[in-house]
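Read the structure below first, then the notes.
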Amino acid sequence: MGTIRRAFPMVTALVVLAAGVATGQAAPGPRAGFWGAFGLGAGGEAYDLRDGLGYSEQLYRPTFSLRAGGTVNQHVRLGGEMLSWINQNGDAIESLTSAMFVGQVYPFSTSGLYLKGGAGLGRNAVDFPDGSGIGDTGFAGLLGAGLEMRVGRRWYLNPTVDLVEHHYSGRGVDNYRERLVTFGMSILYQRGR
């Protein structure tokens, strides 16, 4: 039952994205050249210490993302993405950050719907007011989807849903992992032709 409850938000987001495609949002225009996006959202973070108990309950907090790259053709964009989740816990600031190479695949040339995958570095950290902090760095992987809805000649609204998984070894626990499910809205700029 817990797996279904955790998967429900992601399935809901994918249905909403697909509905946007079906209702005929503004034509995406030709994909070309440089693109960049800044986004805000909410992310549910959970951790698994590999102690047999599985993932913890999700803790939803704000997220922000920054993406940029180039367009290969009408069906493929490549670039880099920084994604951060931030939680204030008393005086400490907890964060989960990913820096990844990403690829976006557009199955339909006449739609702004895309599927995304990426890999890179992940970092979790706890920073204290005196300037000290602790953290671990490990592998980060991403799967996601988005929809680009044209609102101007070169500007797009871009709802997204992403699943990010981090794998670490450190802090006295071998091979633990963290998962982040994010729901965001980005403003995307495409320089184009």
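The values are calculated or read from the model by the stated rules, or taken from the named source; none is laboratory data. Bear in mind the structure is a predicted one, so any value in this text is a computation, not a measurement. Backbone-built Cβ (ideal geometry, glycine too); neighbour counts: all protein chains shown.
For the reader, a short list of remarks on this structure follows.
- Scan of segment 32-57 for residues that are outside any strand (DSSP E or B) and of a type outside the set (D, E, K, R), ordered by number: 32, 33, 49, 52, 53, 54, 55, 56
- Qualifying residue in segment 113-121 (condition: touching a Ser or Thr at 6+ places or on another chain (Cβ under 6 Å), within 22 Å of residue 45 (Cβ to Cβ), small (Gly, Ala, Ser) and buried (at least 21 other Cβ atoms within 10 Å of the Cβ)): no
- Meets criteria (surrounded by 14 or more Cβ atoms within 10 Å (Cβ to Cβ), under 22 Å from residue 51 (Cα atoms) and in contact with a strand residue (DSSP E or B) (Cβ under 6 Å, 6 or more places away or on another chain)) for residue 181: yes
- Condition met for residue 48 (of a type in the set (D, E, K, R), in contact with a strand residue (DSSP E or B) (Cβ under 9 Å, 6 or more places away or on another chain) and touching a residue at least 12 places away in the same chain (Cβ under 8 Å)): yes
- Test: residue in segment 156-163 that is farther than 20 Å from residue 65 by Cβ and in contact with a strand residue (DSSP E or B) (Cβ under 8 Å, 6 or more places away or on another chain): no
- Being surrounded by fewer than 20 Cβ atoms within 10 Å (Cβ to Cβ) and free of Cβ contacts under 8 Å to residues at least 40 places away in the same chain is a property that residue 82 has.
- Test: residue in segment 30-39 that is at pLDDT below 80 and either more than 13 Å from residue 179 (Cα to Cα) or buried (at least 16 other Cβ atoms within 10 Å of the Cβ) (or both): yes
- Residue 69 falls short of the stated requirement of being surrounded by 16 or more Cβ atoms within 10 Å (Cβ to Cβ), touching a residue at least 24 places away in the same chain (Cβ under 8 Å) and touching a Pro at 6+ places or on another chain (Cβ under 8 Å).
- Condition check for residue 135: in contact with a His (Cβ under 9 Å, 6 or more places away or on another chain) and surrounded by 14 or more Cβ atoms within 10 Å (Cβ to Cβ): no
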